[in-house]
Amino acid sequence: MKRWLLAVIAFSLVTSGCSRYKGISEPTEKDNKTEESQQSTEESEQSTEAEAGKLPVEVSAIPGKKPVKVKGIYISSYMAGSEGLQAILDKIQGTEINTVVIDVKNDDGRITFAMADAPTVNEIGATEKYIKDIDSLMAQLKARGLYTIARVVAFRDPYLAEKKPEWALKNKDGSLHRDNKGLAWVNPYRTEVWDYLVEVGTEASKAGFDEVQFDYIRFSTDSSMKQVVFDEKDTRGRSKTDIITEFIQYAYDKLSSRNVFVSADVFGTIIGSKVDAEAVGQIYQEMACHLDYICPMIYPSHYGDGNFGIDHPDMEPYRTIRAALKLSRQDLESARVAGKQQAIVRPWLQDFTATYLEHHITYGAKEIRAQIQAVYDAGYDEWILWSASNRYTWDAFLSREAAKEEAEKLARIRETEVTSSAPSEGSTEVQTEVPMEVSTKVPTEVPTEVQTAGKEEMAEKSLEGSTAAETEQETKKENKKKTRSKPDVVIVTTGGVRD
């Protein structure tokens with residue numbers, strides 16, 4: 001009976017997982033795939049274990065390009081083109097930070113450096129040269145051994161919407177739709193917008209970026225979206241989630257052929273929540289099938305009181321991050337298909353103090369480290385820190401030597417855990433989850449002390465509020481008990497206002 005049930009489960013995964021949509025061709029078969037001799041024994045063993053259900057598949061689809069276990073920070077376009085960048089790079093030197101995420105298409109829809117071979121960019125005059133000399137910048141970053149990620153804000157693009165109103169979201173009266181910040185959005189159903197984003201990503205790859213990361217890869221979420229009208233000739237019966245996944249697949253197919261990795265930022269609250277997923281158009285498991293990396297934004301400050309059974313998530317960064325990533329693993333395990341690529345999970349973490357919350361703590365080195373530890377204890381290896389102002393807690397980072405020792409220790413612990421959790425000989429059971437406790441030092445309480453004197457507190461709230469669905473239900477939720485399985489959340493993005 002047990003074997004019969006396992007067979008049914010396996011069949012259902014194969015038939016439902018990672019479906020592809022009509023109208024988008026299958027990815028081009030690439031030469032020199034995973035059988036290439038340069039792939040290490042460790043990577044091969046990890047892939048085999050992943051297919052057996054023990055580990056997430058972490059094999060890049062790009063031949064000849066070696067993945068990097070990212071430990072990164074965000075750098076705004078303004079900072080990237082200013083004298084202040086040198087101070088940041090000097091701070092990075094000698095630490096575990098090996099990656100920078102830099103705006104190439106920012107929150108205003110402006111392209112941050114000159115792109116000679118970008119016809120639409122140049123037609124609408126989208127360039128605002130925050131970065132005067134992109135070649136010099138990339139040479140400097142590469143000389144320091146940094147992995148480079150181009151952040152490309154996708155569908156919230158007030159500049160493109162104004163210049164190409166036919167590509168924008170429209171209200172019933174034909175006017176441009178604007179969100180609660182007064183910003184116009186482009187229409188994710190328009191393939192012209194897709195080509196524009198691919199155009200920008202292509203130019204980023206030519207400039208030397210190792211990865212293109214799409215942000216705001218979704219629909220607007222405020223309640224005014226009720227006024228938006230979608231033309232049937234554009235939608236052709238496709239839902240929001242259909243079209244976002246189609247775009248991901250389209251962009252991936254176009255950009256990965258250029259030997260550049262492709263990733264996307266997604267709301268943390270879509271994990272395990274059908275309501276939130278449908279509101280923004282992001283289905284976690286489906287998107288993970290068409291990306292090299294998927295980056296859930298799981299800042300503790302942006303989970304509502306009671307989420308994961310935690311009274312005030314911002315005050316317990318370790319527990320919040322751990323719980324969010326455990327849910328991530330469960331979500332992806334349920335959709336895994338043997339032999340199919342699945343994106344590596346690389347979460348965004350918080351390096352700012354949410355002074356706008358009634359219940360918050362000041363985030364310093366201990367709070368940053370607690371989040372990072374939670375990532376490792378959840379079975380993941382990579383992370384990126386967000387600070388809209390680019391003010392980072394430098395004393396939170398390990399030296400390169402200490403980070404290497406930590407990674408080696410973590411690898412030994414995981415190897416032991418995987419071995420001990422393997423099914424015994426003759427058993428028909430399949431281990432589907434890596435044990436979550438992989439650290440010998442798990443912080444059970446997060447200190448609430450303030451940062452070192454002299455460090456400025458930053459209230460770096462997202463540009464986004466709640467989803468439309470959540471806004472409508474706000475009153476109903478007020479009378480529910482405080483601790484519940486799916487409490488109020490605040491949908492957020494990595495976007496932030498430049499100081």
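What nm value, rounded to one decimal, do you get for the distance between THR355 and GLU192 when each label is placed 7 Å out toward the C-beta?
It is 4.4 nm.
Any idea of MET225's accessible area? Nearest 10 Å², probe 1.4 Å.
20 Å²
So what's the Cα pair-distance distribution over the stretch 298-359, bin width 5 Å, in %?
Here the calculated profile for the stretch 298-359 is 4, 17, 25, 19, 14, 10, 7, 4, 1, 0.
So what is the orientation-averaged projected area of the stretch 71-416, using the convex hull of its C-alpha atoms, in nm²? Write down the numbers at each step before the final one.
Working: hull surface 72.0 nm².
One quarter of the hull surface, i.e. the mean projection, equals 18.0 nm².
With every protein chain kept in the model, how would you rank LYS163, LYS66 by accessible area, 1.4 Å probe, largest at the top?
Sorted descending by solvent-accessible area, the residues read LYS66, LYS163.
May I have the pair-distance distribution P(r) for the stretch 264-307, computed from all Cα-Cα distances with 10 Å bins from 0 and rounded to whole percent?
P(r) over the stretch 264-307, rounded to whole percents: 28, 55, 16, 1.
Taking all protein chains in place and a 1.4 Å probe, what share, in percent, of the accessible surface of the stretch 71-416 do carbon and sulfur account for?
Values: 5390 of 11320 Å².
Result for the stretch 71-416: 48 percent of the exposed heavy-atom area is carbon or sulfur.
List the extent of the Cα atoms of the stretch 118-270 along each of their three principal axes, largest first, rounded to whole Å.
Dimensions of the stretch 118-270 along the principal axes of its Cα atoms: 53, 29, 28 Å.
Taking the Cα centre of the stretch 255-404 as the origin, how large is its charge dipole in debye, to the nearest 20, when only Lys and Arg (+1) and Asp and Glu (-1) carry charge on their Cβ atoms?
With Lys and Arg at +1 and Asp and Glu at -1, about 500 debye.
Using alpha carbon centroids, what distance separates the stretch 209-274 and the stretch 340-400, in Å?
Each part's Cα centre sits 25 Å from the other's.
The values are calculated or read from the model by the stated rules, or taken from the named source; none is laboratory data. Bear in mind the structure is a predicted one, so any value in this text is a computation, not a measurement. Ideal geometry is used to build each Cβ from the backbone, glycine not excepted, and the neighbour counts take in all protein chains shown. These accessible areas exclude ligands, DNA and RNA; they are computed on the full protein's heavy atoms, side chains included. Shrake-Rupley method; radii C 1.70, N 1.55, O 1.52, S 1.80 Å.
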